1. Filter the helices (runs of 4 or more DSSP H) completely within the stretch 3-104 down to those with at least 2 residues that are crowded, with 17+ Cβ neighbours inside 10 Å and at pLDDT below 90.
Amino acid sequence: MDIFNLFANLEDNTELHLSRLLILLGVFAGKEGEENIEGLTKLAKLDFLLRYPVYLERALEERGQNPSKVNVEDFERYSVESSMTRFRYGPWDFRYRKFLNLMVGKGLVTVGIKGRTIMIGLTENGRSIFSHLASQEEFQSLYQRAKLLKIHLDFTATNLMKYIYKTFPEIGNLKLGEEIE
């Protein structure tokens, strides 16, 4: 299998996306029923920074933090997957509703409404799987990066969106489907 097909298969691997989102939710959620991620927008923007660690590096640097904490590997920095495509709402994936529905169907997350905001939290089963994933070596970089997000970039959805567009102005100037360098 060539490198292009390998990355294409990774991009289509729903379980990998669900695992990454569970790690993100596990770091941001408190005990069941206590703390949730407020809104799909916040989840998507946090996931953007988790999924593309080169941008997380830049975000930390802009906040006066040491970007080397992100520990970006060469394959992450220079692979074809490190480039992003502008989707309808920025560089984040359009499949979040699908991913959330799958996690709800598997009994991993709870989704509720508070006013006009979707509240996303983990179930006990979701917490158990999060704990397992967070303990696995292959997920350590995602887990550590999610903790950096919680410490340094736990803003409201609106403030996180403003921060991302201010820090990465190139994102807002692209046409749909255009690759972000």
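The values are calculated or read from the model by the stated rules, or taken from the named source; none is laboratory data. Since the structure is predicted, the reported quantities are computational estimates derived from the model, not experimental observations. No Cβ is skipped: glycine too gets one built from the backbone with ideal geometry, and neighbour counts run over all protein chains shown.
1. 40-51
To keep it simple, each residue is scored yes or no on (1) in a loop (DSSP other than H, G, I, E, B); (2) at pLDDT 85 or above; (3) touching a helix residue (DSSP H, G or I) at 6+ places or on another chain (Cβ under 7 Å).
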residue	(1), (2), (3)
Ser131	no, yes, no
Glu138	no, yes, no
Lys147	no, yes, yes
Lys150	no, yes, yes
Phe155	yes, yes, yes
Asn159	no, yes, no
Lys166	no, yes, no
Glu170	no, no, no
Gly177	yes, no, no
